[in-house]
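The values are calculated or read from the model by the stated rules, or taken from the named source; none is laboratory data. Everything numeric here is computed off the predicted structure, so don't read it as measured data. So basically every Cβ, Gly included, is an ideal-geometry build from the backbone, and we count neighbours across all protein chains shown. For the accessible areas, the whole protein counts, side chains as well, though only heavy atoms, and no ligand, DNA or RNA atoms are used. Shrake-Rupley method; radii C 1.70, N 1.55, O 1.52, S 1.80 Å.
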Amino acid sequence: ATRLISVREFTSQIKGFFPGAKVVNTTDPPKFKVVQQALKENLQWREKELKLELAKVQKDLARGKKSEENILKIKLKEITKALVEIENGDHGDLKSPPGGSDVEIMASEAAQVDALIKSSPYLKLIQITTLTVSNTQEMQGKEHHLSLVDATMRHKRYHYENDIEVFAYTRVLKPTSPSVKKYCKERKCTVPPQGSKRNEYRDLWVQRVFVITQEPMPTVRRRVPIKDLQHVISTPLHNAVITLRKKNEEMKSAMLAARASDEPNDLVPLTQNLSGVIDAAVAGGIANYIEAFFDGTYLESMPMEEPRISKFKETLEAQLEILNKGLQTFHAKLALNPNLRPLFNHLQTSYSKMVVQLAKGILKRDITVKIKKANY
């Protein structure tokens, strides 16, 4: 039956199928040093195997098997030649173009890696990664219908993790990477210019690779063939919307769990989520969003993202509603742990500041009604 295994165990299994191979836990294009190290390990393993084979051939020749003597001598010659090539082989070092830009250096390294791979028949480099459970809606850039259902993650997980046909893994891309440039070229836009200081929201380009299997999992088979792969690049604004949606679902789940329980410990996930979102927003999160997407230059560079601005604002407003209900639940459960009242008072004050900052900076409209609803 299908079971979860560790990366170490999976790596051992891979090496069992491909003796002498180097296995790396990444899906990024291999760096020159990684390929060079892999080739070194491959050659060391090949040298060991050749020496064992050489000893066997020499032993057979010593026994005087005349019928196989010519074949063994040819084999001995080939093995000896391969050993000499391995011992005297010069695989070179990485050469960077003098005075080149980051893009030129990356392109030069990629070309040298390709040349090294093509010229190395003994190279065995296998890349692996950890897949996460996904679904068709996420692959199409839509919101999963279960995210709108008022239920805890424990109950939703049964539906999320049953009959799974789509998995995914992600790669973070640099704004200057060839994949991002190709994406912008196809859509006739440009990469948003960088500000005076780095903004993590504005720079976050992500490539999601969706893996579609031939049959749903869990299954009785230990391995399931892959039917298709789909590569999707998410823009910084799209990533921000995805992050907000996931956080909203997580907070909603924590709120429902706390509401249905009378155990003081069940308040911990709720208070952690409320503190994480509200404190981060007031401490600079909202300012970073404004700097990343609402300074005027982002939409100038990527005009096709304008519909996502509306979706981003809607998701932020939904987050305010969830925070509001979360604070109400926190207040209703204070009797279970009166020592948490100072934390509640702090979150209530910070929430009011968060609403004001969003109203002035992003939503551009009066939302004081949400503060009035929060009568605790």
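Being farther than 25 Å from residue 304 by Cα, outside the structural domain of residue 316 (by the TED database) and touching a Phe, Trp or Tyr at 6+ places or on another chain (Cβ under 7 Å) holds for only one residue in 168, 151, and it is 168. The residues of the range 288-298 that are open to solvent by 60 Å² or more (accessible area, probe 1.4 Å) and over 25 Å from the mean Cα position of the chain (by Cα) amount to a single one, 295. Selection of the range 273-313 for residues being acidic (Asp, Glu) and either in the same structural domain as residue 150 (by the TED database) or under 19 Å from residue 239 (Cβ atoms) (or both) yields 291, 295, 305, 306.
Residues checked against (1) outside the structural domain of residue 163 (by the TED database); (2) within 17 Å of the chain's Cα centre (by Cα); (3) not polar (S, T, N, Q):
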| position | (1), (2), (3) |
| --- | --- |
| 208 | no, yes, yes |
| 211 | no, yes, yes |
| 216 | no, no, yes |
| 226 | no, no, yes |
| 249 | yes, no, yes |
| 252 | yes, no, yes |
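Scanning the range 14-31 for residues that are exposed (fewer than 15 other Cβ atoms within 10 Å of the Cβ) and not in a loop (DSSP other than H, G, I, E, B) yields 14, 16, 17, 25. Counting the residues of the range 299-308 that are open to solvent by less than 40 Å² (accessible area, probe 1.4 Å) and under 25 Å from the mean Cα position of the chain (by Cα) gives 2.
Check whether at least one residue in the range 223-242 is among the hydroxyl-bearing types (Ser, Thr, Tyr) and modelled with pLDDT under 90, and report yes or no. No: zero hits. Cβ-Cβ contacts under 8 Å between residues 6 or more apart (or on different chains), taken from a first residue in the range 271-298 that is closer than 26 Å to residue 331 by Cα and at pLDDT below 90 to a second residue that is in a helix (DSSP H, G or I) and open to solvent by 40 Å² or more (accessible area, probe 1.4 Å), are listed as 281/357; 282/353; 282/357; 286/357. Kindly establish whether residue 164 is among the β-branched types (Val, Ile, Thr), touching a helix residue (DSSP H, G or I) at 6+ places or on another chain (Cβ under 9 Å) and either modelled with pLDDT under 85 or over 30 Å from residue 45 (Cβ atoms) (or both). Answer is no for this residue.
Taken together, 347, 343, 316, 327 contain a single residue that is surrounded by fewer than 17 Cβ atoms within 10 Å (Cβ to Cβ) and either assigned by the TED database to the domain that holds residue 285 or out of contact with any Asp or Glu (no Cβ under 8 Å at 6 or more places or on another chain) (or both), which is 343. Every residue in the range 117-152 that is in contact with an Asp or Glu (Cβ under 7 Å, 6 or more places away or on another chain), open to solvent by 40 Å² or more (accessible area, probe 1.4 Å) and either more than 30 Å from residue 23 (Cα to Cα) or not in a strand (DSSP E or B) (or both), please. Residue satisfying the conditions is 137 alone.
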